[in-house]
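The values are calculated or read from the model by the stated rules, or taken from the named source; none is laboratory data. Treat the numbers as computed from the prediction; the structure is a model and nothing was measured. For neighbour counting, all protein chains shown are included, and Cβ atoms are generated from backbone atoms with ideal geometry for every residue, glycine included. The accessibility values were calculated without ligands, DNA or RNA, using every heavy atom of the protein model including side chains. Shrake-Rupley method; radii C 1.70, N 1.55, O 1.52, S 1.80 Å.
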Amino acid sequence: MVKSEKERINNNARKWAKRIAIKTKMTTICEECNSEEELILCFKDTNIQNADLKNLYYLCKPCNEVRKFPDGRKREDYTRCDMCKKFRLCAPNLFDEQKICETCFHSYSKEHKIDDHRVLFPVKFTPNGFPETFSRIWFYGRPKFDFKKKEPSDEEKKLGEEFRKESQKKVILEVANHLHDNVPIEEIKKMYEQVKDEETQKMFLAQLLPEDRNKLLNQN
């Protein structure tokens with residue numbers, strides 16, 4: 001990817017500021033929490049071109065994230081990941097309950113040959129209207145942030161709801177077709193028999209193609 005002239009200038013300015021910080025033996029410690037891990041060189045006036053020593057300071061990665069998102073995030077939302085040992089936004093690993101960051105969760109899933117983006121069946125949707133996957137279930141276990149949001153108009157709400165419903169129908173149909181083409185009815189029956197509550201059973205049946213639903217019901 002070709003970098004723009006602005007990106008090139010900013011990268012050179014950051015490199016120059018780092019050289020000054022190293023040459024002057026600037027104290028490498030986070031100005032907010034005194035951490036010495038994962039430090040990022042920052043600029044007090046936000047002007048990357050201003051490499052004056054008085055304008056430079058260090059923040060650790062969590063504190064830098066809090067600086068970038070002041071409306072929602074707090075330093076205490078970050079915790080040490082049990083896998084990479086870095087301070088990150090973590091949630092319990094769905095497979096062993098350890099605290100794990102997003103990067104490590106994807107790596108763990110890949111290592112254990114788990115598709116963490118696979119849509120779960122029967123399809124359920126998160127509060128934002130997205131289909132549940134291992135990745136999204138993990139994501140919703142993280143700390144919650146209350147960012148300031150612009151209230152949508154009634155027309156925007158209506159259009160958003162219509163789009164969400166159509167998108168959800170499409171996802172359900174895609175999953176139903178995938179089951180029909182790739183999963184024998186005997187396996188679908190085993191999946192169905194593992195469902196214990198009546199509401200999920202109804203959802204399970206409703207999300208099958210009619211021919212698969214008829215075959216399943218005729219087997220019982």
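Of all residues in the stretch 102-114, none are surrounded by 13 or more Cβ atoms within 10 Å (Cβ to Cβ) and touching a residue at least 60 places away in the same chain (Cβ under 8 Å). Filtering the stretch 177-207 to residues that are out of contact with any helix residue (DSSP H, G or I) (no Cβ under 6 Å at 6 or more places or on another chain) and assigned to a loop (DSSP other than H, G, I, E, B) leaves VAL183, PRO184, GLN194, LYS196, ASP197. Entry remark, the stretch 17-53: residues being part of a helix (DSSP H, G or I) and closer than 22 Å to LYS68 by Cβ number 3 in total. Considered as a group, the residues in the stretch 19-43 that are surrounded by 14 or more Cβ atoms within 10 Å (Cβ to Cβ) and more than 29 Å from the chain's Cα centre (by Cα) include one that is farthest from ARG80 (Cα to Cα), and that residue is ILE20. Can you spot a residue in the stretch 204-220 that is more than 25 Å from ASN128 (Cβ to Cβ), surrounded by fewer than 16 Cβ atoms within 10 Å (Cβ to Cβ) and of a type in the set (Asp, Glu)? Yes, there is a match, as at least one residue in the stretch 204-220 is more than 25 Å from ASN128 (Cβ to Cβ), surrounded by fewer than 16 Cβ atoms within 10 Å (Cβ to Cβ) and of a type in the set (Asp, Glu).
Using the structure shown, decide if ASP181 is closer than 18 Å to ARG118 by Cα, open to solvent by 100 Å² or more (accessible area, probe 1.4 Å) and more than 25 Å from the chain's Cα centre (by Cα). For ASP181, the condition - closer than 18 Å to ARG118 by Cα, open to solvent by 100 Å² or more (accessible area, probe 1.4 Å) and more than 25 Å from the chain's Cα centre (by Cα) - is met. For first residues located in the stretch 124-138 and closer than 18 Å to LYS170 by Cα and at pLDDT below 90, partners that are part of a loop (DSSP other than H, G, I, E, B) and open to solvent by 30 Å² or more (accessible area, probe 1.4 Å) and lie 6+ apart or on another chain with Cβ distances below 9 Å form the pairs THR126/GLU132; THR126/TYR140; PRO127/TYR140. Among the conditions (1) without any contact (Cβ under 8 Å) to a residue 24 or more places away in the chain; (2) open to solvent by 60 Å² or more (accessible area, probe 1.4 Å); (3) assigned to a helix (DSSP H, G or I); (4) under 30 Å from LYS85 (Cβ atoms), the only one that ARG14 does not satisfy is (1). Residues in the stretch 90-101 that are open to solvent by less than 30 Å² (accessible area, probe 1.4 Å) and free of Cβ contacts under 8 Å to residues at least 40 places away in the same chain: ILE100, CYS101. State all residues of the stretch 75-89 that are without any contact (Cβ under 8 Å) to a residue 24 or more places away in the chain, in a loop (DSSP other than H, G, I, E, B) and open to solvent by 40 Å² or more (accessible area, probe 1.4 Å); if no residue qualifies, say none. Hits for the stretch 75-89 are ASP82, CYS84, LYS85.
Answer with yes or no whether PHE121 is part of a loop (DSSP other than H, G, I, E, B), touching a residue at least 60 places away in the same chain (Cβ under 8 Å) and over 30 Å from LYS190 (Cα atoms).
No.
Filtered by the rule that a residue be modelled with pLDDT under 90 and either open to solvent by less than 70 Å² (accessible area, probe 1.4 Å) or under 18 Å from LEU94 (Cβ atoms) (or both), the stretch 145-155 gives PHE145, PRO152. Pairs are defined by a Cβ separation below 7 Å, a sequence spacing of at least 6 or placement on different chains, a first member in the stretch 202-216 that is of a type in the set (Asp, Glu), and a second member that is surrounded by 12 or more Cβ atoms within 10 Å (Cβ to Cβ); the pairs so defined are ASP212/LEU179; ASP212/HIS180; ASP212/ILE185; ASP212/ILE188.
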